[in-house]
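The values are calculated or read from the model by the stated rules, or taken from the named source; none is laboratory data. Bear in mind the structure is a predicted one, so any value in this text is a computation, not a measurement. Cβ coordinates were reconstructed from backbone atoms using ideal geometry, including for glycine residues, and neighbour counts include every protein chain displayed. Please note that ligands, DNA and RNA were not included when accessible areas were found on the heavy atoms of the full protein model with its side chains. Shrake-Rupley method; radii C 1.70, N 1.55, O 1.52, S 1.80 Å.
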Amino acid sequence: MSAAVHQPLGGKVVTKPFLILGLFVLLAAYFIARRFLFGMGDVSNMNNGFPIGTWVVLDVVIGTAFGCGGFAMALLIYIFNRHTYHPLMRPALLGGVFGYTLGGLAVMIDLGRYWHAFHLLMPWYAQPNSVILEIGLCVMAYITVLWLEFWPAFLERMPLGFKQRFGLDKVQVLLKRYMYVLVALGVLLPTMHQSSLGTVLLILGHKLPPLWNTPWLPLLFLSSALAMGYGVVMLEATLVHRAFNTRSEVTLFARLSRVAAGLLIGFSLLRWADLLYRGHLDLAFAGDLNGNLFLLETGLFLAPVFILLSDRRWSQRWQFIGAVCILAAGSLYRLDAYLITLQPGNGWTYFPSAPELLITIGIVCLEIMLYLLFIKTLPVLHGGTAAAYGRPS
Amino acid sequence: MSLSRRQFLRGAAGAVATTAASVADAAAPFAPRANKPLPPKAIGMLYDSTQCIGCKACVSACKDANGMPVEQPQALAGWNEGTWDTAEDLSGKTLNVIRVYQHGTMAQKDQEVNGYAFIKRHCLHCLDPSCVSVCPVSAMRKNPITGIVTHDPDACIGCRYCVLGCPFNVPHYQFDEALGQIAKCQFCQHLLKDNPLFSNPDPQVTPATDAKLLSEASQPGRIPACCDVCPTGASLFGWVEELQAEAERRLALKPGVVYDFPRGLLGGDRAPNTAPVGQYQPRVYGEKESGGTQVRYLTGVPPEKLGLPTLPDHSSAAVTEGVQHTLYKGLIAPLALLGGLVMLARRSVKQDDEAQPDQERPS
């Protein structure tokens, strides 16, 4: 096992893709301003049958699942002690940093009475039965942990004299000494809130169809979030490799694939066994929208298993396809459970408006822009020699 | 020294065992917890759909009593200049609404086929409210004595989890306001505050023991506005236990028998509405639904046709809290898991550091 050297990627930050992403961010900023000036009704189609829309479901529920790369890798590297995967840790962590921080931004835009948001932190307001309270506190704590875990990347880039002047070298030593506490928290906290994102749905009762409504929701959400974590690490690393000609991690991913495949099999088994136990197996084959969505989800969850357990897992292209399938599966599962199959009754329907979607897209574009900025200027990616970075991008 | 498989398994087994023990501690994991009981001085409403004539005096009175603006749908803007409230459903401006069921020729009132019927919709003040259970900042609260479910916009963060969670789709957020808040019926608690009978938390003071208070209490302007103005007594206010008894009395009567329907406050001294009893569906809606509610319905048409959902006997709050408490009781499981994780992470990080030197930049 060679020494892991993290290096900034270098290269121009302001490129054409960067500017296009920036355009979407500006567009989103305009609509966000309207949201705060004129109310949510001005920019979104959320209503009182569907009070939760794309800002929460796409940016927070799915977005934080995309940010589970850090969680997934920390579990594997530090808890199951597979240090071969160490080169993947920092980029995964960075994905988590932005997935969660911008998920938090989306929450602040979505809250109707956002100026009271600090009430979540005040013990005298706390209502301990609320799942949302637990998620809010857990996510806030996790964002803190993620930034603290990432902080060494900043510190490594700073010149020693600068650090000594502000006492940051002592901070660096402190962080290093207690990193294991942060790592442990970085596995506990997502376990809690990713499963709770499933528990949230239990209050829906009759409004959530039986194909999705089960007491096992917490475990199903947790396992799919973990699988998505592995998926996003594979996806992101493959994209970066293709765009910036960095070191290929095909061999590592071939091994990682088996872990992801295990989770996907477990998820699917639990779901179908539970459906059988509750006596609703016939609903899956009813041929209506709900039944077909359920079958589609199952297909997307199992397709990667066939790819990732066969010899195809050594091919970068198939790894990429497998990763995309995992992410699509987990995303569709969350989208179905939170929005598409929700039946409030009384004729309520919901489809996001264009401004609403543009805000969602803008937040994702901001994530990508910041990710690119950070990998180019900070020691995140596992580097080879500096000569490897040929083309400017 | 690397972490051997045996050591890892030992550490992991310890963490998992502690976690499993704390989770298995619950008698039946994932079972809904017990339903909440009726509060000691639970007040409520009985709405009798067969006696409702759809006059909507209650809708107008509610707007008046709560200072809510009129509803002006865009389609009717041509002639509605703000003097006519055309509420079609509950909304950020409408806390109480009358809706109509229509079928076929609509020849006969309270008939399911080829008939029509009225239904009053507003907060049912559940015994085990989903909204109270899900609210992160205690903006939704249930009064422990009277059972009224109130909302405090000064605590509310606008997450709209209550809107999502209510099985009756009652709380409505004002999406069209920049500083929107949640709107829902609060039983005219501002009027009840001035009512000596209901503002007294002393359990000794009950209708049976204080007839004078009862008479005072049923004066106009001292009970919820909708029950105050209802001409037929379709909306009736009172103690939940007495209202339940009244509902069961009506269910036992033969249709067509002439009955004195009380108006305003049950047990008060207003002149009753003498009218023939209708044909009822053989149950009181709200007695068991979602763990029971304090606003209950007698209907001629099946409740689900009137928009009242079919619900199990336990509340959704009981389901969610059953799962949440199984996993998090006393935070034992998370802390045990954290302990195990810290142990494993510490060993692992130490190993990692021994194998890889620190990166440092020269100054």
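Which pairs have Cβ atoms under 9 Å, sit 6 or more apart or on different chains, and link a residue in the range A:33-49 that is more than 7 Å from every other protein chain (Cβ to nearest Cβ) to one that is open to solvent by 10 Å² or more (accessible area, probe 1.4 Å) and of a type in the set (Asp, Glu)? Close Cβ pairs (under 9 Å, with a partner that is open to solvent by 10 Å² or more (accessible area, probe 1.4 Å) and of a type in the set (Asp, Glu)) amount to A:Arg34/A:Asp42; A:Arg35/A:Asp42; A:Asp42/B:Asp176.
Only residues that are open to solvent by 70 Å² or more (accessible area, probe 1.4 Å), within 18 Å of A:Leu263 (Cβ to Cβ) and either of a type in the set (D, E, K, R) or without any contact (Cβ under 8 Å) to a residue 40 or more places away in the chain (or both): list them for the range A:274-317, please. Passing the criteria: only A:Phe306. What about A:Leu137, is it among the aliphatic types (A, V, I, L, M), open to solvent by 10 Å² or more (accessible area, probe 1.4 Å), part of a helix (DSSP H, G or I) and more than 8 Å from chain B (Cβ to nearest Cβ)? Judged against the criteria, A:Leu137 is a match. Looking at the range A:185-302, the helices (runs of 4 or more DSSP H) lying wholly inside it that each contain 1 or more residues that are of a type in the set (Val, Ile, Thr) sit at A:217-244, A:250-277.
Can you tell me which residue within the range B:320-335, out of those that are over 21 Å from B:Cys166 (Cβ atoms) and among the hydroxyl-bearing types (Ser, Thr, Tyr), is nearest to the other protein chains (Cβ to nearest Cβ)? If we take residues in the range B:320-335 being over 21 Å from B:Cys166 (Cβ atoms) and among the hydroxyl-bearing types (Ser, Thr, Tyr), then B:Tyr328 is nearest to the other protein chains (Cβ to nearest Cβ). If you go through the range A:168-219 and keep only what is in contact with a helix residue (DSSP H, G or I) (Cβ under 7 Å, 6 or more places away or on another chain), at the interface with chain B (Cβ under 8 Å from one of its Cβ atoms) and charged (D, E, K, R), you end up with nothing. B:Leu179 passes every criterion in (1) part of a loop (DSSP other than H, G, I, E, B); (2) of a type in the set (A, V, I, L, M); (3) in contact (Cβ under 8 Å) with a residue 60 or more places away in the chain apart from (3). Take the conditions open to solvent by less than 10 Å² (accessible area, probe 1.4 Å), in contact (Cβ under 8 Å) with a residue 24 or more places away in the chain, away from chain B (no Cβ under 11 Å) and β-branched (Val, Ile, Thr) and apply them to A:Thr54. Does it pass? Criteria met by A:Thr54.
Note on the range B:41-71: among residues that are part of a loop (DSSP other than H, G, I, E, B) and within 18 Å of the chain's Cα centre (by Cα), the one that is farthest from B:Ala317 (Cα to Cα) is B:Lys41.
Yes/no per residue for (1) within 8 Å of chain A (Cβ to nearest Cβ); (2) surrounded by 21 or more Cβ atoms within 10 Å (Cβ to Cβ):
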position: B:Pro276; (1), (2): no, no
position: B:Glu287; (1), (2): no, no
position: B:Gln294; (1), (2): no, yes
position: B:Gly307; (1), (2): yes, no
position: B:Ala318; (1), (2): no, yes
position: B:Gly339; (1), (2): no, no
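Among residues belonging to the range A:3-51 that are of a type in the set (A, V, I, L, M, F, W, C) and closer than 24 Å to A:Trp348 by Cβ, point out the one that is most open to solvent (accessible area, probe 1.4 Å).
Taking the range A:3-51 first, the residues of a type in the set (A, V, I, L, M, F, W, C) are A:3-5, A:9, A:13-14, A:18-21, A:23-29, A:31-33, A:36-38, A:40, A:43, A:46, A:50.
Filter once more, keeping what is closer than 24 Å to A:Trp348 by Cβ: A:31, A:38, A:40, A:43, A:46, A:50.
Values: A:Phe31: 34, A:Phe38: 102, A:Met40: 1, A:Val43: 3, A:Met46: 10, A:Phe50: 14 Å².
The qualifying residue most open to solvent (accessible area, probe 1.4 Å) is A:Phe38.
Under the condition of being open to solvent by less than 10 Å² (accessible area, probe 1.4 Å) and at pLDDT 95 or above, the residues counted in the range B:130-147 number 7. Here is a check on your reading of the model: is B:Ile53 within 26 Å of B:Gln189 (Cβ to Cβ) and modelled with pLDDT of 95 or more? Considered against the rule, which asks whether it is within 26 Å of B:Gln189 (Cβ to Cβ) and modelled with pLDDT of 95 or more, B:Ile53 comes out as no.
Name the single residue that is nearest to the other protein chains (Cβ to nearest Cβ) among those in the range B:105-148 being among the charged types (D, E, K, R) and in a loop (DSSP other than H, G, I, E, B). Lay out the reasoning, then the answer.
We begin by selecting, within the range B:105-148, every residue among the charged types (D, E, K, R); these are B:109-110, B:112, B:120-121, B:128, B:141-142.
Within this subset, residues satisfying the condition of being in a loop (DSSP other than H, G, I, E, B) are B:110, B:112, B:128.
Details: B:Asp110: 21, B:Glu112: 18, B:Asp128: 11 Å.
Only one residue fits best here, namely B:Asp128.
Within the range A:172-179, none of the residues are touching a residue at least 60 places away in the same chain (Cβ under 8 Å), under 27 Å from the mean Cα position of the chain (by Cα) and open to solvent by 30 Å² or more (accessible area, probe 1.4 Å). Among the residues of the range B:149-180, the ones that are under 17 Å from the mean Cα position of the chain (by Cα) and either surrounded by fewer than 21 Cβ atoms within 10 Å (Cβ to Cβ) or more than 7 Å from chain A (Cβ to nearest Cβ) (or both) come to 10 in all. Scanning the range A:351-375 for residues that are open to solvent by less than 40 Å² (accessible area, probe 1.4 Å) and in a loop (DSSP other than H, G, I, E, B) returns A:Pro352, A:Ser353. Selection within the range B:92-116: residues that are touching a Ser or Thr at 6+ places or on another chain (Cβ under 9 Å) and at positive phi. The member of this set that is most open to solvent (accessible area, probe 1.4 Å) is B:Asn114.
Taken together, the residues in the range A:145-167 that are over 30 Å from A:Pro218 (Cβ atoms), away from chain B (no Cβ under 12 Å) and either in contact (Cβ under 8 Å) with a residue 60 or more places away in the chain or part of a helix (DSSP H, G or I) (or both) amount to 1.
How many residues does the range B:154-171 contain that are more than 24 Å from A:Gly345 (Cα to Cα) and touching a Lys or Arg at 6+ places or on another chain (Cβ under 7 Å)? Break it down into steps so the answer makes sense when it comes.
In the first step, residues of the range B:154-171 are kept if they are more than 24 Å from A:Gly345 (Cα to Cα); the result is B:154-157.
Right, trim to touching a Lys or Arg at 6+ places or on another chain (Cβ under 7 Å) and you get B:156-157.
Counting residues in the range B:154-171 that are more than 24 Å from A:Gly345 (Cα to Cα) and touching a Lys or Arg at 6+ places or on another chain (Cβ under 7 Å) gives 2.
Just one of (1) surrounded by fewer than 16 Cβ atoms within 10 Å (Cβ to Cβ); (2) at pLDDT 95 or above fails for A:Ala243. It is (2).
Restricting A:Tyr142, A:Tyr78 to those that are of a type in the set (Ser, Thr, Tyr), in contact (Cβ under 8 Å) with a residue 12 or more places away in the chain and within 11 Å of chain B (Cβ to nearest Cβ) reduces the list to A:Tyr78.
Yes or no, residue by residue, for (1) more than 28 Å from A:Thr101 (Cβ to Cβ); (2) at pLDDT below 90:
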{"residue": "A:Gly291", "(1), (2)": "yes, no"}
{"residue": "A:Gly299", "(1), (2)": "yes, no"}
{"residue": "A:Leu309", "(1), (2)": "yes, yes"}
{"residue": "A:Ser315", "(1), (2)": "yes, yes"}
{"residue": "A:Ile326", "(1), (2)": "no, no"}
{"residue": "A:Gly330", "(1), (2)": "no, no"}
{"residue": "A:Tyr333", "(1), (2)": "no, no"}
{"residue": "A:Leu342", "(1), (2)": "no, no"}
{"residue": "A:Ala354", "(1), (2)": "no, no"}
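When each of A:Ala92, A:Ala106 is tested for being modelled with pLDDT under 95 and in contact with a helix residue (DSSP H, G or I) (Cβ under 6 Å, 6 or more places away or on another chain), the lone residue that passes is A:Ala92. Determine if the range A:118-132 includes at least one residue that is crowded, with 17+ Cβ neighbours inside 10 Å, touching a His at 6+ places or on another chain (Cβ under 7 Å) and either more than 7 Å from chain B (Cβ to nearest Cβ) or outside any helix (DSSP H, G or I) (or both). Scanning the range A:118-132 turns up at least one residue that is crowded, with 17+ Cβ neighbours inside 10 Å, touching a His at 6+ places or on another chain (Cβ under 7 Å) and either more than 7 Å from chain B (Cβ to nearest Cβ) or outside any helix (DSSP H, G or I) (or both).
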